[in-house]
Amino acid sequence: MTIIQQDDFISSIADALQFISYYHPADFVQAMTKAWEMEESPAAKDAIAQILINSRMCALGHRPICQDTGIVTVFLKIGMDIQWKTNLSIDNMVNEGVRRAYTNPENILRASIVSDPAGSRKNTGDNTPAVIHTEVVPGNTIEVIVAAKGGGSENKAKYTILNPSDSIVDWVLETMPTLGAGWCPPGVLSLGIGGTAEKAMILAKQAMMDPINIQELKQKGPSNTAEELRLELYEKVNALGIGAQGLGGLTTVLDVKVLDYPTHAASKPVALIPNCAATRHLHFTLDGSGPAVLTPPSLDTWPEIKWDPGKSRQINLDKITPDDILDWKPGETLLLSGKLLTGRDAAHKRIANLIDTGTPLPDGLNFKGRFIYYVGPVDPVRDEVVGPAGPTTATRMDKFTDMMLEQTGLLGMIGKAERGPAAITSIKKHKSVYLIATGGAAYLVSKAIRASRIVAFEEMGMEAIYEFTVKDMPVTVAVDSNGTSVHQTAPLEWQKRIGKIPIEVRPPDTKS
């Protein structure tokens, strides 16, 4: 009989989470490399290049691919013939592994999980608890899948119940443009079909853990309905022209996954979950011989990319004026140097409360004529100024945008993904500008940060307001001072260039 030791199981979970924080799966790197090689959109090609360079840097430096180190999901298939040597429950062992991984001083991972989600939303401090799915099966081993899913892509999950005669393809093609770019394409699109509402969602989450193999499927051809659906959606979703980071281009999805399950005759449940450019998952098996042995991918997996931002416009943030930003064009790349402030949801809410009550902002906090970067960085280790510090989804700050531009004198904003109609209207009204940094390139971005200090709300941890001193931080103009959004214009342009389907890109759902 196989005996599974408590610490072997816990350390395997912890080691796997550390492993996936800095190693992309090899199949993902290879698929992303192919996308980079074939991409014709300059902005999208540049974004993919940054993602691949960031990925290799993380593999070398053992630091997180993305500052959002995710909510942990674990799938367990436990053999009926194993015996545990432990005094803990399976869930408690998994959560101890999560705790060890996220508090590892050599590679601290950002704790993003909050308890009392409808109330106080207090951070648990160690990223526990995980979401755990357990299945008991014949056999004498434990099959484990460990994943860490970022909030930007998880927030874009969709679910519907179609009529049995309705087209799944039509629903997906109508839904995808509404997701915007907050899920950081290109990535894997995963569908769960059938069962019940909760079963469909679990199927979709399981499916995205499978290897990327759409090219092999194209070569051999489909053998069932699910494979036919994968191929059709792969072609048609990419034909939407959304592209990397929503900047327009040839590749929006690297693969489409489908799992199905029998369902009620009157129902057709469909769950859709996208996985981002920080795809993180690992499969291993425990057989009682000790903890999992995790083999790093070869550095030859990554392409040699010489990223040259030399043609980008140089911007001095310490001397910038409102007139300077008026000729910035959507899709233009900039290199920022100088000082900028940071802030996310909680900081904006606190600022709004202070303004509403007539209370002055904290001493030293002055937004006038400055840029704010929507980021919650990972804690630094060793000699780092700051840990990985990629952008967070900007639409969450849309409801605060007019207040910030009107009341604080803020000049511009930096985040990821599109802005909603209200934010764009405010940007145009105040002759402001919105820039994007590449989601999924957090470690690369952090190397542009030369100094960091907390300015306000220190007690809020990663939600505190920092002042960063940056040197040649790469960004792209997403909304110019006239209110023109590259996330609206570029996908339409590339959809027309591709010319495969007569469907226009719909505006993103900014309520997601």
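In this simple spin-label model, placing a label point 7 Å from the Cα along the Cα-to-Cβ direction at both N224 and M80 gives a separation of 2.3 nm. Would you compute the Debye intensity of segment 313-493 from its alpha-carbon atoms alone, equal scatterers and no solvent, and pass along log10 I(q)/I(0) at q = 0.09, 0.11, 0.13, 0.14 Å⁻¹ to two decimals? After summing over all Cα pairs, the log10 values are -0.28, -0.42, -0.60, -0.70.
When E135, E418 are sorted by how many other C-beta atoms sit within 10 angstrom of their C-beta, beginning with the fewest, the order is E135, E418. Which chymotrypsin sites (Phe, Trp or Tyr not before Pro) in segment 102-180 sit in a loop by DSSP (not H, G, I, E or B) and have at most 10 other Cβ atoms within 10 Å of their own Cβ? Of the chymotrypsin sites (Phe, Trp or Tyr not before Pro), not one in the loops of segment 102-180 has a Cβ with at most 10 other Cβ atoms within 10 Å.
Restricting attention to segment 1-93, which GluC sites (Glu not before Pro) occupy a DSSP loop and are surrounded by at most 14 other Cβ atoms within 10 Å?
E40
The aspartates and glutamates within cross-link reach of K45, meaning a Cα-to-Cα straight distance under 14 Å and a gap of 8 or more places when in the same chain, are E37, D308, E332.
Charging the Cβ of each Asp and Glu at -1 and of each Lys and Arg at +1, and nothing else, the dipole of the chain about its Cα centre rounds to 1000 debye.
Going down the list K311/K416; K34/K218; K236/K329, which pairs span over 27 Å between their C-alpha atoms? Beyond 27 Å: K236/K329.
Farthest toward the positive end of the dipole of segment 313-493, out of G483, L341, L405, is the Cα of G483, where the dipole comes from beta carbon charges about the Cα centre.
Measuring how big segment 70-222 is from its alpha-carbon positions, Rg and Dmax come out at 18.4, 54 Å. Within a straight-line Cα-Cα reach of under 22 Å, K85 can be paired with the following lysines, leaving aside sequence neighbours fewer than 8 residues apart in one chain: K77. Cross-link reach is defined here as a Cα-Cα straight distance under 17 Å, omitting same-chain residues fewer than 8 places apart; for K220 the aspartates and glutamates meeting it are E228, E232, E235, D255.
Per-residue ellipticity at 222 nm from helix content only, as computed over the chain with -39500 (n - 2.57) for each DSSP H run of at least four residues, stands at -9500 deg cm²/dmol. With the convex hull of its Cα atoms as the shape, segment 40-94 has an orientation-averaged projected area of 7.2 nm². Taking the radius of gyration and the Kirkwood hydrodynamic radius from Cα positions alone, what is the Rg/Rh ratio for the chain, to two decimal places? With Rh from the inverse mean 1/r over Cα pairs, Rg/Rh is 0.97. Among the trypsin sites (Lys or Arg not before Pro) in segment 343-375, those located in a DSSP loop and surrounded by at most 10 other Cβ atoms within 10 Å of their own Cβ are K368. When cysteine pairs in the chain are screened for C-beta atoms closer than 4.7 angstrom, the residues that find no partner are C58, C66.
Since every read-out is calculated from the coordinates, none of them should be taken as a lab result. This structure is a prediction, so every number in the text was calculated from the model and none was measured. Virtual Cβ from ideal backbone geometry, glycine too; neighbours counted across all protein chains shown.
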